[in-house]
Amino acid sequence: MTARGLEEFLGPFPHETTCRVIDWVKEEVKRQMGNKESEAGKRSVLNTLHYLFESQNRGLAQAALGSVETLSFRGMTLTPIDCAVLSHAIGLCDTIKHLDLALCHIQCEGIQRLGPGLHKCQELRLGQNKLGDSGVKLVSAALRNPECKIQKLWLRDVGLSDSSAEDLIFALSTNPSLTELDLSVNKLGDSGVKLVSAALRNPECKIQRLWLHNVVLTDSGVKDLVSALSTNQSLTELDLGLNSLTDQSVPTLRRLILTLPSLERIELGMNQFSETGGKELRSLQEPRPGLRVTV
């Protein structure tokens, strides 16, 4: 289609020339994908995605992007138009596994443009974007997709509250593929964590690593969490750091550490334990070789 448009001005293209151009585009995309760590490299990749989108040549775009496994624009500002172009690219990538869009200043409109392709990724990083309740609902829709492949989901500091958590947690409870979940630095409170606990009770839940760092969790809320985890056989890592837990939680946490055989690491630092309470928690490592308790 692109070649036919140019032929109006330049005359017919020999088939060999068209093939050479396609090969050059494919090699250029491959070269840029190998240099995507720097800001300039990421910008170059994004510009190329725009060119492929504007070409309206699906065959060319698919040939150029067909083997891409990782797309990372961490730290770049992505406009809604950038997000639409990126969604188009993801739709053409049958091999996409890792999508890192943390710190990209994405808001609800941007995540709405990205929505149709999010379920294809195995590892999805959306942390530190102002998604808000409506944006999180769109992520929840991706998790409910019957073809969802998401295994690792990072929603750290996205404006998630207990009011929007219900929709997300319902999606989590029906998604058996998820193994890692980061909800840190969101104002979940005890009510939001209670919803998370309900999802963890689902026999289909396979979460192995759970981060609830700085989510306004108190002694009351941790009881629900520990009760839910008591029937969980998959959890290996739990982060409850920088919350409002006191010595009142030490009998509760002791029970969790001693009865959850799969647990390998629990982070409890920057809470409000006394020196005695912290010492008691650390001592629980002794009967469990390989277990790490950080207080």
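The values are calculated or read from the model by the stated rules, or taken from the named source; none is laboratory data. Source: prediction; values computed, not measured. Positions of Cβ are generated from backbone atoms using ideal geometry, with glycine treated the same way; all protein chains shown enter the neighbour counts. All accessible areas refer to the heavy atoms of the entire protein, side chains included, with ligands and DNA or RNA removed. Shrake-Rupley method; radii C 1.70, N 1.55, O 1.52, S 1.80 Å.
Worth pointing out:
- For segment 28-125, the dipole from Cβ point charges (+1 on Lys and Arg, -1 on Asp and Glu) about the Cα centre works out to 100 debye, to the nearest 20.
- Candidates Arg20, Arg282, Arg209, ranked by Gaussian network fluctuation over the chain, Cα under 10 Å, top entry: Arg20
- Over the chain: helical MRE at 222 nm, DSSP H runs n ≥ 4 each giving -39500 (n - 2.57), nearest 500: -15000 deg cm²/dmol
- Protection proxy ranking of 119-127, 144-152, 244-252 - average other beta-carbon atoms within 10 Å, highest first: 119-127, 244-252, 144-152
- Helix 39-55 axis, angle to the chain major axis (alpha carbon atoms, nearest 10°): 50
- Rolling a 1.4 Å probe over the protein heavy atoms of segment 69-176, with every protein chain left in place, gives an accessible area that is 49 percent carbon and sulfur.
- Nearest-ten-degree value, helix 250-259 long axis tilted from longest Cα axis of the chain: 70
- Taking only the alpha carbons of segment 106-177, we obtain Rg and Dmax values of 10.9, 28 Å in that order.
- Largest first, the three principal axis extents of the alpha carbons in segment 104-243 are 39, 27, 21 Å in whole numbers.
- On Cα atoms only, tilt of 189-200 relative to the major axis of the chain in degrees: 80
- Lys/Arg +1, Asp/Glu -1 at C-beta; the chain dipole; positive extreme among Leu114, Leu253, Leu195: Leu253
- Pairs exceeding a 23 Å alpha-carbon distance, out of Lys42/Lys137; Lys26/Lys97; Lys42/Lys130; Lys130/Lys187: Lys42/Lys137.
- Prolate is the label for the chain. Its Cα gyration tensor axes, ordered a ≥ b ≥ c, give a/c of at least 1.5 and a/b above b/c.
- Heavy atoms of Phe273 accessible to a 1.4 Å probe, total area in Å² rounded to 10: 40
- Structure remark: mean-square fluctuation, Gaussian network model of the chain, C-alpha springs under 10 Å; the largest value among Val193, Val139, Val21 belongs to Val21.
- Magnitude of the charge dipole, the chain, Cβ model with Lys/Arg +1 and Asp/Glu -1, debye to 20: 360
- Probe 1.4 Å, protein heavy atoms only - accessible area per residue of segment 102-190 in square angstrom: 40
- Eigenvalues of the alpha-carbon gyration tensor of segment 35-123, scaled by 5 and square-rooted, set the equivalent ellipsoid semi-axes at 18, 15, 14 angstrom, largest first.
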